[in-house]
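To start, the structure under review is shown below, and the notes come after it.
The values are calculated or read from the model by the stated rules, or taken from the named source; none is laboratory data. Keep in mind it's a predicted model, so treat the numbers as computed, not measured. Reconstructed Cβ throughout: ideal geometry from the backbone, glycine too, with neighbour counts over all protein chains shown.
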């Protein structure tokens, strides 16, 4: 069976959006606050934190398993055009996608910390501000797509379609996290 890049893009968009909804709901709970341990464990480079206080295990705690579950559920609704995977294969691919999503945010955070940009803030008035904006909108998705691509074929058209849709979805989730008090800024 041939892969359908547009069905793949729709599948990935629905799966990662579903996991994103679960993450937004999770981050609003008091239970999630128990996992506010920073992923950099307070380590520094040049006297600056590696990723900062906002990159914690609470995001990983739900995004990774929620992605696995979302891939499993949505794969049952897409009968053709996707990869031929077992139930465990779908779950595993989703876990990998969720891990890629969370890991994809770290390089941008690292760059901002090394440029003395406080966690939750955006760089001001420099080329770094534009780079940071682009990365803020694409880093998670690129991390997810990259890890998926390492495991299964991922057509270029699916990459492009996911990036186009994903930028808008990411902007919406940033706004939603801002409105619900999880983030200090909408951008």
(request) Mind listing just one residue for me: the one in segment 28-54 that is surrounded by 14 or more Cβ atoms within 10 Å (Cβ to Cβ) and touching a helix residue (DSSP H, G or I) at 6+ places or on another chain (Cβ under 7 Å) and, of those, farthest from residue 176 (Cα to Cα)? (result) 48
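State yes or no: is residue 156 surrounded by fewer than 15 Cβ atoms within 10 Å (Cβ to Cβ), farther than 21 Å from residue 46 by Cα and more than 17 Å from the chain's Cα centre (by Cα)? Spell out how you get there, then give the answer.
Numbers: surrounded by fewer than 15 Cβ atoms within 10 Å (Cβ to Cβ): yes; farther than 21 Å from residue 46 by Cα: yes; more than 17 Å from the chain's Cα centre (by Cα): yes.
In short, yes.
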(request) Give the residues of segment 89-130 that are assigned to a helix (DSSP H, G or I), free of Cβ contacts under 8 Å to residues at least 40 places away in the same chain and out of contact with any helix residue (DSSP H, G or I) (no Cβ under 8 Å at 6 or more places or on another chain), sorted by residue number. (result) 89, 127, 129, 130
(message) Given the options 150, 163, 176, 154, name the one that is assigned to a helix (DSSP H, G or I), modelled with pLDDT of 75 or more and under 15 Å from residue 5 (Cα atoms).
(response) 163
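Right, residue 21: under 20 Å from residue 170 (Cβ atoms), without any contact (Cβ under 8 Å) to a residue 24 or more places away in the chain and within 15 Å of the chain's Cα centre (by Cα) or not?
On the way: under 20 Å from residue 170 (Cβ atoms): yes; without any contact (Cβ under 8 Å) to a residue 24 or more places away in the chain: yes; within 15 Å of the chain's Cα centre (by Cα): yes.
Yes.
Would you mention how many residues in segment 55-81 are outside any helix (DSSP H, G or I) and crowded, with 20+ Cβ neighbours inside 10 Å? Quick ask: steps written out before the conclusion?
Here is the first cut: in segment 55-81, the residues outside any helix (DSSP H, G or I) are 55-56, 78-81.
Add one more test, that the residue is crowded, with 20+ Cβ neighbours inside 10 Å, and what stays is 55.
Residues meeting the conditions: 1.
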